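Bear in mind these aren't lab numbers, they're just calculated from the coordinates by the rules spelled out. For clarity, every value in this text was computed on a predicted model and none was experimentally measured. Note: ideal-geometry Cβ built from the backbone for every residue, glycine included; neighbour counts use all protein chains shown.
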């Protein structure tokens, strides 16, 4: 379990299956496309993003779904050689949809809508005769359940209440399992903040009645100093040695007060013990350091082959195209405050990050940014002004909008965003969030590469204002390149991350 989080950056609401080809995990993706990332691992330690379920907007219909709606809390299952993924597209979109595939990497089906499921967090399980049960949450009601014909999405009965939870706030995220003659109903309660918890009940039948575990909650970080907080929304699975583990979401808050989580909800792995036919989970631990360096040279004509690229409510290919001079990104007059900006992004995956991009803005206006939501982002914009380039750093928090400007000589521009965790001592900065520096590089490009390059600091920000606890966007930070007007050429991009 030393590699926690096993999926870093915003990857909430994980669901896992064990197959002859290893393990697969699906997580929530909200307003981003492609939607529903699928990760694969042979050893539960090294994970690879192998594809997405929804590669077309029509599969989920996100175009008009507001933040924080979209693709919520999937359940991934594997049965008789077929992968099933059931999910709710919330606050609009298609509602509850079940997709199928013979290969988890795709392609996936167009999906069948289950109109009877009018809640969130749907789960999928089968009894011995192959009847499919969909169990779901619907606030403020009890967790509900309905039998469904998966081929058509038709309900075979009226949905019925199943379990009201252990008594904590908002029972949700249900998963149903058959083990040793018992049907176990795992749930998330307490909300997805510091009170989040994993609870469980059991019954001899998949449709109940369910009795709660005497030791509930099965796992929670509430009231502890654990480096992993908000633990909940778990999914159990069996290990090859006969043991049991769970994947679950959690956050890694920074600073002395453990108050701010820059990356949002990530996926963690935890061991599970069985005592008296009840699961008992161990708190996931974070150990060691991790680093990553990724570089993209789009000036060689490369495109977006890496599946990590995402965009907001539409696919990246709708506004970008590879060329011999760089990746062309077409602006449409929208900034990051728009619901459909021209923004090519990836998840920020480390608490420490240095992100740089070299842009040609001679035919357009654009830059780089880090986004949580339309009203929670920061970035740097470059605009041609005669023989010079106007550089504008911008920070947006709800109705607050602040800018800082400098002018640099004409030519390519290199923009950078560097984020560092707050100090670990009792200095003033330790009570805030991570420290974020927005910079533009000048010098070397002015004299044909012979001068000394220098980063000019535009502004430094306190990252507490762009954390999960303040943004409340349900996702996490996404870094990337945007275009406002005209055509922007992205020549090179690099991401260096370290925990």
Residue 277-residue 154 pseudo-label distance in nm [points 7 Å out on the Cα-to-Cβ vector]: 3.7 nm
Rounded to the nearest Å, what's the spacing between the alpha carbon centres of region 478-499 and region 91-109? Just the number, please. 29 Å
Theoretical FRET efficiency, 1/(1+(r/R0)^6), r = Cβ-Cβ of residue 494 and residue 426, R0 35 Å, to 0.05: 0.55
Neighbour counts of other C-beta atoms within 10 Å: give me 272, 98, 294 arranged from fewest to most. 294, 272, 98
Hydrodynamic radius by Kirkwood, which averages 1/r over all alpha carbon pairs of region 60-182, in angstrom: 14.9 Å
Test of understanding: ordering 323, 392 by Cβ neighbours within 10 Å, fewest first, what list do you get? 323, 392
For residue 375 and residue 297, FRET efficiency with R0 = 25 Å and r from the beta-carbon atoms, rounded to 0.05? 0.15
Average projection area in nm² (convex hull over Cα atoms of region 98-139, one quarter of hull surface): 3.9 nm²
Subtract the Cα-Cα distance of residue 182 and residue 308 from 0.36 nm times their separation in residues, and report this length gain in nm to one decimal. 41.4 nm
Alpha-carbon Rg with Dmax, taken over region 149-300, Å: 18.5, 62
Grab the Cα-Cα distance for residue 141 and residue 317, subtract it from 0.36 nm times how many residues apart they are, and report the gain in nm with one decimal. 59.3 nm
Bins of 5 Å, starting at 0 and running to the largest distance - Cα pair percent for region 341-476: 2, 10, 19, 22, 19, 13, 9, 5, 2, 0
Could you work out, for region 62-105, what percent of all Cα-Cα pairs fall into each 10 Å distance bin, beginning at 0 Å and stopping at the bin that holds the largest distance? 29, 43, 24, 4
To one decimal place, what orientation-averaged projected area in nm² is obtained for the convex hull of the Cα set of region 15-281? 13.7 nm²
Footprinting exposure proxy for 278, 47, 404 (fewest neighbouring C-beta atoms within 10 Å first): 404, 278, 47
